[in-house]
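For reference, the structure is listed below as structure tokens.
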Amino acid sequence: MHYGKDIGGDAMDFDLARPIYQQIIDEYKKKLIRGELRQGDKILSQREYAEKARTNPNTVQRAYREMENMKLVETVRGQGTFVCIAPEQLELIRNEMAGSVIELCVSEMKALGFTEQEIRVRLEQVLVNAKEVITDDRV
Amino acid sequence: MIEFKGVSKNFGRTRALDAVDITFATGKITGLFGPNGAGKSTSLKLITGLNRPDRGEVLLDGRNPMDSKVDIAYLPEIDHLYPWMTIRQAASFVSDFYGDWDGERYKDLLGFLGLDDEMKIGKISKGQRAKTKLLLCTTRRSRYLLLDEPLSGIDILTREQIIQTLIRDFREGEQSIIISTHEISEIEGLVDEVVFLDRGRVRLQGDAEQLREERGMSLVEIMKEAFRDAN
């Protein structure tokens, strides 16, 4: 058993114009998607998280409770909170995250007046450029 | 639970509070926000029973604060400690008054805050004095903790330490904390509920997360908007 790396972070990391409990959940979802947290890993206790992020303990409690309801984690009385997620559920949140990132990108591009075709071309360009950068790094 | 029902309070010709209705829920951390002269300190003093309302009533778990036996720890904005005392002497002074003093916690907090209780209060820095005030309040296991401008004039590292102390010792469900401050950004993430006061009136009150959700703004921005609308 190991603790996931760098959970919590700083109070400054939160966007104060959005509900904080939502951002705590998103942070954990990202860690799960990236594989930084895996099945059976113990996560910080609510108190530890609140102290580390300098956040209201009730807010952290709400985030943890929702994560339990979403079947991402499970709390074992007296032992702590552990990652407990079915592979289908992980795939679901992975798709959901990807969807919201792409949708945000597309809607911003549309708001700037780009057509779907232009967006597609540019996206392709970005992907090609990214690939070149990676190849350059290897050289 | 603490309730203000139509509370007004004047000091001479100055109206400090004007027909104010507020509910401070049990088990929550409430931020009492507003500019200087908004009525924040007056509100806290009414809860402690140090002041009486001219009109309306303040109820502490359904009773008049003056008759209530409920334990309240109060951190006043002013420097109220005797300068000739050491921290230890001040602690023993406070512990003689209040049955909810927790000696174990005192030692723990002293270490966490990096204070040496042989130090004389008149000789320590402003930040250390602020920490001492906090130490003496939070060592008590009181149901209510009232903090009047606990961060004002304190350096950033000490502020973070004070905030961490509050989180560390907060007993969810049973303890209620009210923090008055005009520096909201510092404690945005710390509060469950907010009350915005302006010239003796409540401009806005509500759940911090819900306000962020509904308005897509930080509490600082929400307060600015509420005050703009009021003027």
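Using only Cα atoms, tell me the angle between helix B:156-169 and the longest principal axis of chain B; keep it within 0 to 90° and round to the nearest 10.
90
Which Cα, out of B:Gly39, A:Ala86, A:Phe14, lies furthest along the positive dipole direction of the protein assembly as shown (beta carbon charges, K/R +1, D/E -1)?
B:Gly39
Of all beta bridges DSSP finds with both residues in the range B:1-150, what is the antiparallel percent, to the nearest 5?
Antiparallel: roughly 80 percent of the beta bridges in the range B:1-150.
Using a 1.4 angstrom probe on protein heavy atoms only, which residues from the range A:15-60 are buried by at least 50 Å² of accessible area when all chains are present rather than their own chain alone?
Buried on complex formation: A:Leu16, A:Ala17, A:Pro19, A:Arg47, A:Glu51, A:Arg54, A:Asn56, A:Pro57, A:Asn58.
Sort the range A:16-139 into rounded, prolate or oblate with this rule: let a ≥ b ≥ c be the square roots of the eigenvalues of the Cα gyration tensor; rounded if a/c is under 1.5, and if a/c is not under 1.5, prolate when a/b is larger than b/c, oblate otherwise.
Prolate is the answer for the range A:16-139, as a/c is 1.5 or above and a/b outweighs b/c.
Out of A:Cys105, B:Val94, B:Ile167, whose Cα points farthest toward the positive end of the dipole of the protein assembly as shown (charges: +1 Lys, Arg; -1 Asp, Glu; placed on Cβ)?
B:Val94
Dipole of chain B, Cα-centred, from +1 at each Lys and Arg C-beta and -1 at each Asp and Glu C-beta, to the nearest 20 debye?
On the way: 33 positive and 38 negative charges, 169 e Å.
Rounded to the nearest 20 debye, it is 820 debye.
Counting Lys and Arg as +1 and Asp and Glu as -1, each charge on the Cβ, what is the dipole of the range A:88-138 about the Cα centre in debye, to the nearest 20? Each step should come with its number before you reach the end.
Values: 6 positive and 11 negative charges, 27 e Å.
About 120 debye.
Can you tell me what share of the DSSP beta bridges in the protein assembly as shown is antiparallel? A percent to the nearest 5 is fine.
Counting DSSP beta bridges with both partners in the protein assembly as shown, the antiparallel share is about 60 percent.
In square angstrom and rounded to 100, what buried accessible area do you get between chains B and A, total over both, with the probe at 1.4 Å?
In total, chains B and A hide about 1800 Å² from solvent.
So if I place +1 on the C-beta of Lys and Arg and -1 on the C-beta of Asp and Glu, and nothing else carries charge, what would the dipole magnitude of the protein assembly as shown be about its Cα centre? I want it in debye, nearest 20.
Magnitude of the dipole: close to 1000 debye.
Explain nothing, just compute: Karplus ³J(HN,Hα) = 6.51 cos²θ - 1.76 cosθ + 1.60, θ = phi - 60°, for every residue of the range A:68-77 in order, whole Hz, x for Gly and Pro.
Residue by residue, the range A:68-77 yields 5, 4, 7, 6, 9, 9, 9, 9, 9, 3 Hz.
In whole percent, and with a 1.4 Å probe on the protein chains, what portion of the accessible area of chain B is carbon and sulfur?
Of the solvent-accessible surface of chain B, carbon and sulfur hold 46 percent.
Hey, can you rank B:79-92, A:117-130, B:45-58 by average C-beta count inside 10 Å, highest first?
The densest-packed peptide leads the list: B:45-58, B:79-92, A:117-130.
Output ³J(HN,Hα) for the range A:34-46: one whole-Hz value per residue in order, computed from phi by the Karplus curve 6.51 cos²θ - 1.76 cosθ + 1.60 with θ = phi - 60°, and x for Gly and Pro.
6, x, 6, 10, 10, 2, x, 5, 8, 9, 4, 5, 4
Please go through the residue pairs A:Lys29/B:Lys131; A:Lys29/B:Lys28; A:Lys52/B:Lys9; A:Lys42/B:Lys126; B:Lys40/B:Lys131 and name each one whose alpha carbons sit more than 29 Å apart in this structure.
A:Lys29/B:Lys131; A:Lys52/B:Lys9; A:Lys42/B:Lys126
Taking amide hydrogens as modeled 1.01 Å from N in the peptide plane, which residues meet the under 5 Å criterion relative to B:Ser8, leaving out close sequence neighbours?
B:Ala19, B:Val20, B:Asp54, B:Arg55, B:Gly56
Counting only protein chains, not ligands or nucleic acids, how are B:Glu193, A:Glu132 ordered by accessible area (probe 1.4 Å), most first? Let's see the in-between values first.
Numbers: B:Glu193 40, A:Glu132 100 Å².
Per-residue accessible area, sorted high to low, gives A:Glu132, B:Glu193.
Rolling a 1.4 Å sphere over the protein heavy atoms, what is the accessible area per residue of the protein assembly as shown, to the nearest Å²?
Per-residue accessible area for the protein assembly as shown comes out at 52 Å².
Considering amide H positions built from the backbone, and no H for Pro or chain starts, which residues 5 or more places from B:Ile29, or on another chain, come under 5 Å of its amide H?
For B:Ile29, the qualifying residues are B:Ile177, B:Asp192, B:Glu193.
If you roll a 1.4 Å probe over the range A:88-138 with all protein chains in place, what percent of the accessible area is carbon or sulfur? Don't jump to the answer; show the numbers that get you there.
Values: 2590 of 4380 Å².
Its accessible area is 59 percent carbon and sulfur atoms.
A:Ile85's amide H: which non-local residues (gap 5+, or another chain) put their own amide H closer than 5 Å, with H modeled 1.01 Å from N in plane and none for Pro or chain starts?
Under 5 Å from the amide H of A:Ile85: A:Gly40.
Using the per-residue mean of other Cβ atoms lying within 10 Å as a proxy for protection, in what order, highest first, do the peptides B:207-216, A:51-60, B:144-153 fall?
Going from most to least packed, we get A:51-60, B:144-153, B:207-216.
Using the Cα gyration tensor of the range A:88-138, with a ≥ b ≥ c the square roots of its eigenvalues, what is the shape: rounded (a/c below 1.5), prolate (a/b larger than b/c) or oblate (neither)?
In terms of gyration-tensor shape, oblate.
What are the ³J(HN,Hα) couplings of the range B:175-183, residue after residue, when phi is run through the Karplus curve with 6.51, -1.76, 1.60 and θ = phi - 60°? Round to Hz, x for glycine and proline.
Karplus values, whole Hz, x for Gly and Pro: 9, 10, 10, 10, 10, 9, 6, 9, 9.
The values are calculated or read from the model by the stated rules, or taken from the named source; none is laboratory data. None of the values given here were measured: they were computed from a predicted structure. Positions of Cβ are backbone-derived with ideal geometry, glycine not excepted, and every protein chain shown enters the neighbour counts. Ligands, DNA and RNA are excluded from the accessible area calculation, which covers all protein heavy atoms including side chains. Shrake-Rupley method; radii C 1.70, N 1.55, O 1.52, S 1.80 Å.
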